[in-house]
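Down below is the structure, laid out as structure tokens.
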Amino acid sequence: MKQLGLLVTMQPSVKEKNAAMVEWTEQERSIITNIFGNLDYEDVGSKALSRCLIVYPWTQRYFASFGNLYNAEAIKTNPNIAAHGTKVLHGLDRAVKNMDNIKATYAELSVLHSEKLHVDPDNFKLLADCLTIVIAAKLGSAFSPEIQATFQKFLAVVVSALGRQYH
């Protein structure tokens with residue numbers, strides 16, 4: 001806003017800052033905790049990352065040092081992919097334990113992916129989508145629209161936190 005030839009910047013109020021923060025109901029917290037509490041991290045992590053690399057092959061460029069990624073079977077059986085998928089799930093567990101402060105929880109990881117690894121932040125969303133598919137397959141009919149909505153909300157906050165350094 002211009003006023004008398006001076007540029008005046010508007011600072012967000014405390015209310016506006018708080019409005020930008022995610023609020024979780026007790027039911028949402030319970031849903032997320034229950035989902036992650038019942039997961040086999042090795043199985044789900046490996047399947048989600050493998051799916052992402054197969055469905056979105058351009059994401060493979062970040063994993064060139066992981067060895068054979070020449071076809072879907074090679075990706076699904078690659079021990080480095082399996083180990084990294086497990087690592088990703090354990091990273092999400094940190095968010096589950098810090099749901100009120102996910103952005104701060106992932107601050108260093110955001111810097112790493114942005115400045116050192118140069119990962120396109122859109123890929124976080126792709127992996128989140130693949131994880132949702134794997135979780136839906138695991139939970140079957142228990143993955144109701146309401147459960148999915150909560151899970152998607154959680155992953156959206158995680159994706160936003162990981163992409164924070166890019167903005």
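Return the residue satisfying two criteria in turn: it lies in the stretch 56-65 and is part of a helix (DSSP H, G or I) and within 17 Å of the chain's Cα centre (by Cα), and of such residues it is surrounded by the most Cβ atoms within 10 Å (Cβ to Cβ).
Selected residue: T59.
Yes or no, residue by residue, for (1) polar (S, T, N, Q); (2) in a loop (DSSP other than H, G, I, E, B); (3) modelled with pLDDT of 95 or more:
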residue	(1), (2), (3)
M10	no, yes, no
K15	no, no, no
A19	no, no, no
E23	no, yes, no
Q27	yes, no, yes
S30	yes, no, yes
N34	yes, no, yes
S46	yes, no, yes
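Take the residues in the stretch 34-70 that are among the hydrophobic types (A, V, I, L, M, F, W, C) and in contact (Cβ under 8 Å) with a residue 40 or more places away in the chain; name whichever of them is farthest from I135 (Cα to Cα).
Among them, the one singled out is V55.
Just checking, how many residues over the stretch 66-104 are in contact with a Gly (Cβ under 7 Å, 6 or more places away or on another chain), assigned to a helix (DSSP H, G or I), of a type outside the set (A, V, I, L, M) and crowded, with 17+ Cβ neighbours inside 10 Å?
Result for the stretch 66-104: 2.
The values are calculated or read from the model by the stated rules, or taken from the named source; none is laboratory data. Everything numeric in this text was worked out from a predicted model, so none of it was measured. Here the Cβ is made from the backbone with ideal geometry for all residues, glycine too, and neighbour counts use every protein chain on show.
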